[in-house]
Structure formats: C-alpha cells, structure tokens
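Worksheet for the structure shown next.
Every number here is computed from the coordinates shown, using simple stated rules; none is lab data. It should be emphasised that the depicted structure is a prediction, and the values quoted were computed from it without experimental measurement. Quick reminder, even Gly has a Cβ in these numbers, built from the backbone with ideal geometry, and neighbours come from all protein chains shown.
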Amino acid sequence: MENTAAAHAPSLDAGGPAPLPMVLRRRLRIGEGIIQTFLFFAGALSIVTTIGIVFVLGSESLLFFRDPRVGLVEFLTGTRWQPTILEFGILPLTSSTLITSTIALVVSLPLGLGAAIYLSEYASQRARSVLKPILEILAGIPTVVYGYFALTFMTPGLRSIFGAETVQIYNMASGGIVMGIMILPLISSMSEDALNAVPRSLREAAYAVGATRLETALRVVVPAALSGIVAAFIVGMSRALGETMIVLISVGAGPDLTLNPFRGAETITGHIARISGGDLSYNSLDYNSLFALGLVLFLITLTLNFVSRRIVSRLREVYE
C-alpha cells in the first residue's frame, strides 16, 4: 500500500508539475475601512476634547491664582468664600459637596447592591424583564425634577420626622437622599453586570457543598464580583459629585462651613451654576474663580478614578 501511494504521489524529482505558490492577500473591504476610520476619529475626538477641557480649566485657573489678591494656601484652607470681599476659602464649598455625596452613597449603595443581587440571583427572567426597566426609569427623570422633589417632598418629610426647628428648608440631607435615588439605577446596573459575569460553576460548586442561595450570593458571588461592584460605587460617587440641579434647588445658596446635614449650604457645582448665571464680566476675579472651582472638582473626580483603577486591579479575579 505504501509503495502504491508513493508511486502515484507527484514527485518533483521525477519532473512532476510544481505546486502553485500560495499568496495571502488582504481583501479590500471599503465598509470595514470606513467604520475603522470613524472609530479612530471618535476616540481621537474624545481625547482632544478632554485635553481641551483640561487646558481651559488650567489656563483660566492660572489667571485666578496669579492675581496678587489670591493666595493658594488661603484658597485651600480658608473657611469663608466671599468673592465680593476677596475671601476665597474653598472649604465651605468642598465640605458641603462631600457631605451631600456621602449621603447619596449611604442611600444608594445598600439599595443598589440589594437590587443587583435580587435581579441577578433571585428574580426569574420574567420578573427581571419587568423590574429592570422600571428601575432604569429613574435614570431618565430630569435632574431638575429630582431637585423639586427634594424640596417639596423630601424636606417636608424630614421636617415632620426631626422637627422644623432642626431641619432647615434648604438642607444637605434632602439633596443627598434624592441624589442617592438618582444614582441608584447606575449602581444597580453596573453591579448586576459584575454579578452576572461570575462563572456559573462557582454557584454550582457552592450549591454542591450545601450552601443556600443567600449564602452563595453573599459569600461566593459578591466577593468574586467585588472589583466590579467597587468600580460601580466609585462611578456613582463621581456622578454625585458632579450633580448640579438637585443641589442648586434643594441644598442652599450660601457657602456655610457646617457638618450638620440638616442645615443649608452650597456645593461647588451649585455655586458655579448660581454665580455663572449672573452678571460677571469676562476675565474678572469672580469669573476666573469659577474655573478654579471647576479645576478642584475635576481633580477630585480624577483622584477617585485613579483610586478606582487601583482598587479594581487589586480585587480583580481571573477565571479560566
């Protein structure tokens, strides 16, 4: 058999036909090239836009800090913000911003994570198809509606519980609670995606050793998806820091250094929105101070993003 196959096999030494050379060429696909070019320009445009924003914030803030009437130490440690009398202490604005964002996280983290665990581990496909769109409706409500909801519903509720003498009409607590409701869909959606990414084999292994569904969810699935959950929390925090309309309507309009959440204050975004709507002359000290505040808010958000990347890289689990 071997001799017969060898006899019929073409032989180059016997003067048989030489095999044709195989040439691999990339086929020209015009549609794919157009899509690739569009994606490149989209990514480049986002990078250029970010660089432009940083450049504008930096250049305008530099004009503010170059003014001899402004001191960097006073700006970072001062306890009064009154640009009209040349007092530029950012601590009142920073403290109220952090307090309202912290209240928002206290409200949204347990509710968002609980909703994500239920949708991922307990809800049937039919229940998930109904409940998830209802939850995501919250993300489509305009923030100005949330602001008036905090002022006309949440504040009266807090005043009826804690007393009108304790809770002011404009306060950080109502704004923070409503901001937590606003970012709830964001946190629950990202956390659910992280939970669904956990391999099914881990759940089946937990069930095989006798774990209940709750034990499997809390002791196996949540720790395995912890990196994605932490990333969702950081994104929610960044979203709360940048919120404007809710704090502008319900939190207050006076920079006041206080740690009492039932008192009115003014956040960085609320102050920028309130002052920029007035009569500010271009390149004035008040005008340039808005860019300095925007730069501080940008740096805070950027720091949160770096912290998020470090935490996610440490907690990320790799599954084969």
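Just a few scattered comments:
- Correct option for log10 I(q)/I(0) by the Debye sum over Cα atoms at q = 0.08, 0.12, 0.13, 0.16 Å⁻¹ [calculated from the coordinates] among (i) -0.38, -0.83, -0.97, -1.39; (ii) -0.54, -0.98, -1.08, -1.31; (iii) -0.61, -0.91, -0.98, -1.26: (ii)
- In the chain, a dipole from Cβ-located charges (positive for Lys and Arg, negative for Asp and Glu) runs towards its positive end, and of F40, L63, A292 it is F40 whose Cα lies farthest in that direction.
- Distant-in-sequence amide H partners of E87 (H built 1.01 Å from N, under 5 Å): Q82
- Sequence of M190, M182, M237, M172 once ranked by neighbouring C-beta atoms within 10 Å, starting from the fewest: M190, M237, M182, M172
- Helical contribution to [θ] at 222 nm, DSSP H n ≥ 4, -39,500 (n - 2.57), averaged over the chain, rounded to 500: -20500 deg cm²/dmol
- When V167, V73 are arranged by Cβ crowding within 10 Å, least crowded first, meaning fewest neighbours, the order is V73, V167.
- Span-like helix ranges in the chain, DSSP H, alpha carbon extent 20 angstrom or more, Kyte mean at least 1.6: 91-117, 226-241
- Remark: the chain carries a charge dipole of roughly 440 debye about the Cα centre, counting +1 on each Lys and Arg Cβ and -1 on each Asp and Glu Cβ.
- The charge dipole of the stretch 194-320, taken about its Cα centre with unit charges on the Cβ atoms of Lys, Arg (+1), Asp and Glu (-1) only, comes to about 520 debye.
- Computed lengthening from N283 to Y118, 0.36 nm per intervening residue step minus Cα-Cα distance: 54.1 nm
- Among T37, T155, T49: highest mean-square fluctuation, GNM of the chain, C-alpha pairs under 10 Å: T37
- With the cut-off at under 13 Å, measuring from each backbone N in the stretch 250-290 to a point 7 Å along the Cα-to-Cβ line of T166 picks out 261-263.
- Among F41, F88, F233, the largest mean-square fluctuation in a Gaussian network model of the chain, built with springs joining Cα atoms closer than 10 Å, belongs to F41.
- Distance from the stretch 65-117 to the stretch 139-206 (C-alpha centre basis), Å: 20
- GNM top mover of F38, F64, F291 - the chain, alpha-carbon springs below 10 Å: F38
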